[in-house]
Each structure stands twice: as structure tokens, then as C-alpha cells.
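Peer 1: Dropping a structure here in C-alpha cells format, bear with me for questions.
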């Protein structure tokens, strides 16, 4: 008997016993349970999800890989879990997942209760419904307990999570020396910047102008949400400051909810009557008069915008109108540290005798100022679009590359047994190495090491482990493919790529879709100011174009076109003269 194991640890741990809070411990106990029954557990059939809610089903890599292994025929006869709630805590989804397992011929055992879950009779199904109801009810109670605790903290003015520019966090300890709660105190240097932002707004300066002036003055800025972005002021971060009521001494909690009613992680806005407002005068940074003056200026600017745009909502992007919106970045080097700017190219327009001219420009330069990026070169839109399409057509969609892609597709879809076994063994070795590193990192965190650095290292290793799991799932699905007609598949791949080539130079919408699937990352436009020229480079892979268009390819590599964009991968470059 071949046994599989599934383990999951929830993001919320209130309702989980200490014994079951570790995925590794669950797997260890499941192995022992299998050994007692003389079942064999293969390493490739140990599935786990660490730190994911039981209400999530689509975003659980381990569960998805487990369910994919059931088709067309499961490679194991038994599945072992600690208890039913590890599979899920949502009644409908959990029942459906169990039905899929059992109808596929897999017997499901729970080692904590030493029993098998069966669905042979109406009584079994009723018992499943009752158990699933109890699991979901417990999840809802845990959610409510967490919410009640956060509401209590918010009403007392305590920190409920996150850092806010202008304040620093301070731990408050009780008589026993243990941490009681965390409170905010004003950070004098950052508070001065916050007041400066409100003063500039009240004086009539716009969001972009405020951001540029702060960056030119070298004012400290909030930490960026994404690690690769520069720590600098932007119009959006200035807007966040202006609309945060905490700066007027009012804590507002409960404006958004992280999960929907099904328990799926999805941010939604709560009704205003559910918000918690608490006045804490000692946290006030901006006087009430300055707050009101700044917000009257913001309301006046919005009224002007609505009159000028006939009521169209602010901030609506027309990215689909332009070929390279969201697909190209600035490659200028920053003078102070030599790092690449990385700001997205945005579309700007200017009036001319021949009508409006559209150009691509560095978004960081035009919204954050020269202090963040001094690249002021403008790339004419028509010229840049033609150059990118010509480069893709010449370097990606040429007969030699198409032939190479077809060969790669055939090799991937019909690999030899030895090749698949070698890849599987390499992946298993890599996963064991990552598991060992994760365990050592966890020990280092517990020992009081540099927590932020260690947490980033853990996230990096977990992402690598998830990639390995996806590749293993790919190998499993590829191994189950029926015999393919190589000549027919070769013809199908070539015809599909030729059709895409014909669409590339026509309308913007289909050309954008092709670029989105072909490009591996963004195009990097590097300026040469002395010659007033942009040189752009990029990486392309046509594996994703084949997924969905060629049925056999799609079956082998799922919806993302393969673990590494298999098909062909190459670099290309070209030049664009900058606008005057």
C-alpha cells in the first residue's frame, strides 16, 4: 500500500492544539501511523501547506498538487491526515474535496482518531456534514475572537498592527514584566515632515509637487511596500498622509476586512457604521485648522477635476490603449548608488502643430523628481512601439526560433523515462535541501537572530520550495500524457506561433496580449543622454503563448506555460531615438 500525507498549519492558531501547530510534526506523526500499518510513504507524495487558512482552497499549492495527482489515476491508495479540519474549514469545499479523493479510490485516514473517513451511506455523509459544520463554526469563532480582541485594542488606543509614518511603536509591560500591549508615540523628525506636507497642500501645491519637493530636500520617506522600489515620496504616499485621520488625533479601525464571507483572502471595504473611531489627543500631529484648510484645498481640486473631465472618476488608467503601458521600465542608473531606477514608463502627451504627440517617460522622474531619477529623455510612442514590435518579430518570431520552440515543446511533452527520473531526483534533492535550510532558519529566529533578515530568507526558501512542488506536479502530469503524434504536434505548434506572428503588428489590444505572454519580465529602456537615444532590452519566452493554444502543451504545463517558460528563452535589444 502506497500512502500519501497531507499536512496544513493555519494562519490562525487559536483553535489548533500545540501538538498540531507544526507541519513537520504532523508529517512525522503521519509517517509513524503509516509505519504501524506497514504502509509505504514516498517522499513525492508528502503534501503540505504552511501558514495558510483552511478557508483557502485555490491558493494552497500542496492541496492543489494533491488533487491534481488524482487524475487520471492516483499513484497512492491511502491519504493520511491528522484530522478532517486539516483538509479545510469550509463545509462545501471540504466535502467536495473528500468526495474527489474517495471517488478516485483513495482511502482517507485520520491518525488522531485512528479512523477512516467513508462516504458509503447517507449516515456517513451526514456525519461528514456535521463534522465540516463544526470545523467551519470553529473557524468563524476564531475569526470573531480575533476581531473582538482587535476592537478592544483599538478602543483603548493600542496598536493593532502595522507601522505608521510619523510615529514609533513602544511596548508597554505589565506588573509581571510581560508585554501588555503596544502603543504609538510621536516621532518628532517624521512628524515635522507630516506637518510640512499639510502646509504645502494648504498652500495650493499638488500631490506630485509635494512629492518632488520632499525628494529634492532629501526628506525621509515611508518604507516602500515592495523591496525593489526606492525609498522616496510619490504622489500616492503623499495622498495617504493627507487622508489619514490619525494625524489629527483620531484612530480609525475597521475600514477594511481582509477576508470575504467565504474566508478567502480578499480586501473589502466595511460599512462606515462598523468603523471604530477613538480620539487620542496626544497623537495629534496636525492642528485642526491646518487639517481643515488642507482638505478644503483637496475638495476644491476634486471639484475642478470633475468639471474638467465631465464627471469621469479620478485615477482611471487607459493602459490598454498603449502598447507598452505596464510592460516597460526605466533602466537609468541612479547617481548616488548606481542602482537601476526601475520605475515604470508612463505615457505623457504634448501639443504640437500636427496634433497631440504621445511619448513614454520615466514615471519616477515625472512623479518623484530628479532626486529619485534624473532621466528626462522621452521616447516617441509610435517609434518605440514600432521598434519593440520589429524586435519581437525578428528575434522571437523568426523561423529558426519557431523551429527551436517546437523542438523544445516536443522534447518536454515526450521526454525519455531516464530524463524524467533524473529531473525528479534533482527536484527531490533540492526540496530536501530547502527543508533543511528552513528548519535551520526557524531555529535561528527562535534563538533571537536578525528577525527581518531571517524572515526574508524564509520567504525566499518557501518560494523556491513552491517552485519545486510545481515542477514535480508538472512531471507527474507529463508522465501521464498519452502517446503523442509528434508530426501532428509539430505542425500544430508551428501553425499556432505563425498565427500569433500575424497578429503582432495589427491592433494594440492583441499585440499587448502577445507581449504580456511573450515577455519574461519587463522591457528595460536604458537612456544614453549624450546621444539622446534609448536602448531597450528584454527576455522573451514563448512557452506561455503555447499554453492554452496547443491542447497537448496545455495539459502538460497547466495554465502558466511550464515551470520555467519552456519553449524558447532569449534576449533581444534595439534602439529608439529620444524626443526633443
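Peer 1: Starting from the Cα of residue 516, step 7 Å along the direction of its Cβ; do the same at residue 270; then give the gap between the two resulting points in nm.
Peer 2: 3.4
Peer 1: To the nearest Å, what is the center-to-center distance of region 136-159 and region 218-261, using C-alpha atoms only?
Peer 2: What the calculation gives is 23 Å, centre to centre.
Peer 1: Taking the beta-carbon count within 10 Å as an exposure proxy, list 176, 140, 114, 50 from fewest neighbours to most.
Peer 2: 176, 114, 140, 50
Peer 1: Going by average Cβ density within 10 Å per residue, which order do the peptides 267-280, 52-65 take, highest to lowest?
Peer 2: 52-65, 267-280
Peer 1: Taking 0.36 nm per residue of sequence separation and subtracting the Cα-Cα distance, how much length would be gained by fully extending the chain between residue 22 and residue 149, in nm to one decimal?
Peer 2: Computed gain between residue 22 and residue 149 is 43.3 nm.
Peer 1: Still on this model: Using mean Cβ contacts within 10 Å as the protection proxy, how do 207-218, 80-91 order, highest first?
Peer 2: Per-residue mean Cβ counts within 10 Å order the peptides as 80-91, 207-218.
Peer 1: Could I ask something else about it? Cα gyration tensor of region 183-308, axes a ≥ b ≥ c as square roots of the eigenvalues: rounded (a/c below 1.5), prolate (a/b > b/c) or oblate?
Peer 2: It is rounded, given that a/c, with a ≥ b ≥ c, falls under 1.5.
Peer 1: If you take the beta carbon distance between residue 43 and residue 393 as r and set R0 to 51 Å, what does 1/(1 + (r/R0)^6) give as a FRET efficiency, to the nearest 0.05?
Peer 2: Working from the Cβ atoms, E equals 0.65.
Peer 1: Something else: Kindly provide log₁₀ I(q)/I(0) values, in the same order as q = 0.12 Å⁻¹, from the Debye equation applied to equal alpha-carbon scatterers of region 1-159.
Peer 2: -0.52
Read the figures in this text as sums done on the coordinates, not as results from a lab. The structure presented is a predicted model; accordingly, all values stated were derived computationally and were not measured. Methodologically, a virtual Cβ is constructed for each residue, glycine included, from the backbone with ideal geometry; neighbour enumeration extends over all protein chains shown.
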